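S.K.: Input: one structure, supplied below.
The values are calculated or read from the model by the stated rules, or taken from the named source; none is laboratory data. Computed from a prediction, not measured in an experiment: that's the story for all the values here. Methodologically, a virtual Cβ is constructed for each residue, glycine included, from the backbone with ideal geometry; neighbour enumeration extends over all protein chains shown.
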Amino acid sequence: MKDARVAFGGVRALDGVSLTVQDGQLLGLIGPNGSGKSTLLAAISRMIDLSSGTLTMEGRDYTNAPAHLANALGIARTFQTVRLLRTMSVLENVMLGAQAEWVRRGPLATWLWLSRARREEKRARRAAQQALERVGLKDLGRRHPQELPYGPARKVEIARALACEPKLLLLDEPTAGMSQAEREEVGILLSELSKDGLAQVLVEHDLAMIQRVCNRVVALNFGQVIAEGLPAQVAADELVREAYLGHRDAGMEASAPMMEIGRQ
Ligand SMILES: Nc1ncnc2c1ncn2[C@@H]1O[C@H](COP(=O)(O)OP(=O)(O)OP(=O)(O)O)[C@@H](O)[C@H]1O
Ligand SMILES: [Mg+2]
């Protein structure tokens, strides 16, 4: 992403952001509420248009590509709030992420391509099952999302994003609302994915988690990058501390074991 700008009416949600994520890098993205973190993920995954700037994936410009092409290039994301389809099983929800052609083509084309569609469906089912195993939910595929507690439901979303075997995974506060034990599990999962070479951007308000799992951190404020570097450096940065203080009454202690900033 180079010099990206996004405006909503008069609000400059992204104001000249440049960012690169390497293979295997787990990049933490922090910043106070409304600083542009979710907008950044939406821009990278082509869910919203840039007003200027460019997007490239492995050297290929996809600034104006449709969202499904960004996905085909290997970019997957999770959302800040749970978005699972209640009428489908957990496994089927995850299969939706597997980029199955039989889902994209629709029923008529699927009928015309029946044998191929069957193969595709099998492949998607296998990928979805593997993704569920990866997040530690292999026995929950037949259940429905509304039967799951909140923490596992959020993990299903991570599985759905993993099911297309992405090269870049964008996570918008994946552990918000989870128990401490669940947060730690997700932290370990993200570290393992990073060791396997997956590039990740993690939006997270829990600075302790950021310091534990991320190898680089970018801090945003008012749509601009205000600090960038190693987690401890960024947490100690004067501008970052001021940005958070401007949004909170209380002070900020980067070293606090379970620091929650902003959204609860
Ligand atoms: N669809 C939209 N229409 C209008 N304004 C929007 C829209 N989405 C975001 N904004 C505005 O853009 C700015 C950045 O919002 P964004 O959601 O990216 O922040 P954020 O850093 O993810 O915040 P949070 O920590 O609360 O999730 C905010 O001022 C927000 O009000
Ligand atoms: Mg957000």
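S.K.: Filter the range 56-83 down to the residues that are within 16 Å of ligand 2 (Cβ to nearest atom) and among the polar types (S, T, N, Q) and list them by number.
M.R.: Scanning the range 56-83 gives THR78, GLN80, THR81.
S.K.: In the list GLY24, GLY31, which residue meets the criterion of being surrounded by fewer than 18 Cβ atoms within 10 Å (Cβ to Cβ) and either touching a Phe, Trp or Tyr at 6+ places or on another chain (Cβ under 8 Å) or of a type outside the set (Val, Ile, Thr) (or both)?
M.R.: Going through GLY24, GLY31 in turn, just one is surrounded by fewer than 18 Cβ atoms within 10 Å (Cβ to Cβ) and either touching a Phe, Trp or Tyr at 6+ places or on another chain (Cβ under 8 Å) or of a type outside the set (Val, Ile, Thr) (or both): GLY24.
S.K.: Would you be able to say whether some residue in the range 32-49 is in contact (Cβ under 8 Å) with a residue 12 or more places away in the chain, more than 16 Å from ligand 2 (Cβ to nearest atom), in a loop (DSSP other than H, G, I, E, B) and more than 30 Å from GLY141 (Cβ to Cβ)?
M.R.: There is at least one residue in the range 32-49 that is in contact (Cβ under 8 Å) with a residue 12 or more places away in the chain, more than 16 Å from ligand 2 (Cβ to nearest atom), in a loop (DSSP other than H, G, I, E, B) and more than 30 Å from GLY141 (Cβ to Cβ).
S.K.: Against the condition at pLDDT 95 or above, under 18 Å from LEU171 (Cβ atoms) and among the polar types (S, T, N, Q), how does GLN224 come out, does it pass?
M.R.: For GLN224, the condition - at pLDDT 95 or above, under 18 Å from LEU171 (Cβ atoms) and among the polar types (S, T, N, Q) - is not met.
S.K.: Could you check how many residues of the range 34-90 are of a type in the set (Ser, Thr, Tyr) and within 16 Å of ligand 1 (Cβ to nearest atom)?
M.R.: Qualifying residue count, the range 34-90: 7.
S.K.: From the list ASN64, ASN71, exactly one residue is under 27 Å from GLU204 (Cβ atoms) and at pLDDT 90 or above. Which is it?
M.R.: Being under 27 Å from GLU204 (Cβ atoms) and at pLDDT 90 or above holds for just one of ASN64, ASN71, which is ASN71.
S.K.: Please enumerate the residues belonging to the range 2-21 that are on the phi > 0 side of the Ramachandran plot and surrounded by 14 or more Cβ atoms within 10 Å (Cβ to Cβ).
M.R.: Listed by number, the list holds a single entry, GLY16.
S.K.: Can you pull out every residue in the range 50-72 that is part of a loop (DSSP other than H, G, I, E, B) and in contact (Cβ under 8 Å) with a residue 24 or more places away in the chain?
M.R.: Across the range 50-72, the qualifying residues are LEU50, SER51, LEU55, GLU58.
S.K.: Any idea which of (1) within 16 Å of ligand 2 (Cβ to nearest atom); (2) at pLDDT 95 or above is the one THR175 doesn't satisfy?
M.R.: (2)
S.K.: Scan the range 190-206 for residues that are more than 23 Å from ALA42 (Cβ to Cβ) and part of a helix (DSSP H, G or I) and report the count.
M.R.: 3
S.K.: Hey, another quick one. Looking at this structure, is GLY59 under 15 Å from LYS2 (Cβ atoms) and in contact with a strand residue (DSSP E or B) (Cβ under 7 Å, 6 or more places away or on another chain)?
M.R.: It is false that GLY59 is under 15 Å from LYS2 (Cβ atoms) and in contact with a strand residue (DSSP E or B) (Cβ under 7 Å, 6 or more places away or on another chain).
S.K.: Additional query: Tell me, yes or no, whether the range 147-158 has at least one residue that is part of a loop (DSSP other than H, G, I, E, B) and not assigned by TED's automatic domain parsing to the domain that holds VAL6.
M.R.: The answer is yes; a qualifying residue exists.
S.K.: Going by the structure shown, is ALA13 within 12 Å of ligand 1 (Cβ to nearest atom) and outside any strand (DSSP E or B)?
M.R.: In short, no.
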